[in-house]
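Trainee: Submitted below is the structure of interest, expressed as structure tokens.
The values are calculated or read from the model by the stated rules, or taken from the named source; none is laboratory data. A quick note: this is a predicted structure, and the numbers were derived from the prediction, not measured. Positions of Cβ are generated from backbone atoms using ideal geometry, with glycine treated the same way; all protein chains shown enter the neighbour counts.
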Amino acid sequence: MRKTRFDVLLAAAALTLCSCASTEARLKEQRTATMLERERLWITAMCDHDEATLQQLLADEFVLTFTDMSGAPGAVPRAQWFDNLRHMTFGAVRIDAPSVTMHGDAVATVRMRMHLQEWKVQDHALPPLYDLLDVWVRRAGRWQVVMRISEMVEPVTAPQ
């Protein structure tokens, strides 16, 4: 069976598609790793009260939105977030089930569950479990978080 020019072109196109799919998968893995590294850096800087690193990670328009213990919505702008951080202490922090979604090459969202052990504000213990959604934007080659949506998760208790 003789190969026609069409057969050769078809084979070349198939190889190109496979190569593009492979490149796209690698790019997605790299972007996911980058975003998870940004989250790790944020958590570490927060626990260490490393304001220099946090100043770079949090965009000027950063806002934390949440529902408080009474169910009322709230919002904390960047400056107030920094003021609050100065009064916080943390034990261990654990992240479960992180999920990164890229929205083009300049916006990413990261969903996760955060477990905070021994988290206190001015020696007042706070609930330990939150579902988070962070919105990151890349500007001038640098990723910054512009919003965190935080929802407290009620701990599951065993039936008695």
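Trainee: For segment 60-103, which residues satisfy the criterion of being among the polar types (S, T, N, Q) and more than 20 Å from the chain's Cα centre (by Cα)?
Mentor: Those that are among the polar types (S, T, N, Q) and more than 20 Å from the chain's Cα centre (by Cα): SER70, GLN80, ASN84, THR89.
Trainee: Next up: Mind checking which pairs have a first residue in segment 125-146 that is more than 22 Å from PHE90 (Cβ to Cβ) and a second that is assigned to a strand (DSSP E or B) and among the hydroxyl-bearing types (Ser, Thr, Tyr), Cβ under 7 Å, 6 or more apart or different chains?
Mentor: Sorted first by the residue in segment 125-146, then by its partner, the pairs are VAL135/THR109.
Trainee: Of all residues in segment 58-87, count the ones that are surrounded by fewer than 16 Cβ atoms within 10 Å (Cβ to Cβ) and either part of a strand (DSSP E or B) or among the hydroxyl-bearing types (Ser, Thr, Tyr) (or both).
Mentor: 9
Conditions (1) modelled with pLDDT under 95; (2) polar (S, T, N, Q); (3) over 30 Å from GLU24 (Cβ atoms), marked per residue:
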site: LEU54; (1), (2), (3): no, no, yes
site: LEU58; (1), (2), (3): no, no, yes
site: PHE82; (1), (2), (3): no, no, yes
site: LEU85; (1), (2), (3): yes, no, yes
site: THR89; (1), (2), (3): yes, yes, yes
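Trainee: Residues in segment 122-134: is at least one among the hydrophobic types (A, V, I, L, M, F, W, C) and modelled with pLDDT of 90 or more?
Mentor: There is at least one residue in segment 122-134 that is among the hydrophobic types (A, V, I, L, M, F, W, C) and modelled with pLDDT of 90 or more.
Trainee: Of all the residues that make up segment 104-134, how many are among the aromatic types (Phe, Trp, Tyr) and within 16 Å of the chain's Cα centre (by Cα)?
Mentor: The first filter runs over segment 104-134 and keeps only residues among the aromatic types (Phe, Trp, Tyr), leaving 119, 130.
Right, trim to within 16 Å of the chain's Cα centre (by Cα) and you get 130.
Number satisfying all stated conditions: 1.
Trainee: Out of the residues in segment 135-153 meeting the condition of being part of a strand (DSSP E or B) and among the β-branched types (Val, Ile, Thr), tell me which one is surrounded by the most Cβ atoms within 10 Å (Cβ to Cβ). Walk me through it before giving the result.
Mentor: Filtering segment 135-153 for residues part of a strand (DSSP E or B) gives 135-139, 142-152.
Of the ones still in play, those that are also among the β-branched types (Val, Ile, Thr) are 135, 137, 145-146, 149.
Numbers: VAL135: 18, VAL137: 16, VAL145: 22, VAL146: 17, ILE149: 17.
In this case the residue turns out to be VAL145.
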